[in-house]
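The values are calculated or read from the model by the stated rules, or taken from the named source; none is laboratory data. What you are looking at is a predicted structure, and each value in this text was computed from that prediction instead of being measured. All Cβ positions, glycine included, derive from the backbone under ideal geometry; neighbour counts span all protein chains shown.
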Amino acid sequence: MAIMIRKNLRHSLFFIPFVVLACFFFISCQQGEVYSHYYEMKNAEWTQENILAFEIDSASLRPGRKYDVSLEITNNVNYKYRNIWLFIRTNFSYDSVYVDLNKEYELADEFGKWYGSGFGSLFQSSFPLFEDVVFESGKSYTIGIQQGMRDEQLEGIEKVGIKVSLAQRR
């Protein structure tokens, strides 16, 4: 009888961390990302006339909640610059007027070490684009992104995406 109790106890001790981990994963997924969309560049080349349009439907978002919007860029080692300039246009204002932004993002340090996560020849970087955005219900939101580098055809950009997540308490 004592042997059976020890075996059951051993199995229970193995099972408890698994349940705790599963609960943590379930809770963190519910509080995180609510929208994600990526454009994959054909042959890892992004031309200037290729404007990426991201449509965010507020029906999938909770009214009155604050969200963070991030820009996701995946580049390969053939990208020959440290930075990237982007022209960003969005209707994230309350009067439906488009807001234009010209933003520079650093992808590598001065020694050529890529920022972000990755290994081998691909690196993923995430940049805050907008913080604490409250989306009105029943409205569609648009983010347009165009590369603003001097090269007509920018080589080495694999993917560009947008993520919307519940705002982190600061």
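Points to keep in mind about this one:
- Annotation: GLN146 fulfils all but one of (1) part of a loop (DSSP other than H, G, I, E, B); (2) out of contact with any Ser or Thr (no Cβ under 8 Å at 6 or more places or on another chain); the unmet one is (1).
- When we screen GLY118, GLY112 for residues that are part of a strand (DSSP E or B), at pLDDT below 95, over 30 Å from PRO63 (Cβ atoms) and not aromatic (Phe, Trp, Tyr), the only hit is GLY118.
- Of all residues making up the range 35-52, the number that are under 16 Å from the mean Cα position of the chain (by Cα) and either loosely packed, with under 12 Cβ neighbours inside 10 Å or under 15 Å from PHE130 (Cα atoms) (or both): 3
- In the range 45-59, of all residues being assigned to a strand (DSSP E or B) and not hydroxyl-bearing (Ser, Thr, Tyr), the one that is farthest from ILE143 (Cα to Cα) corresponds to GLU45.
- Counting the residues of the range 53-83 that are free of Cβ contacts under 8 Å to residues at least 60 places away in the same chain, among the charged types (D, E, K, R) and either more than 21 Å from PHE123 (Cβ to Cβ) or exposed (fewer than 14 other Cβ atoms within 10 Å of the Cβ) (or both) gives 1.
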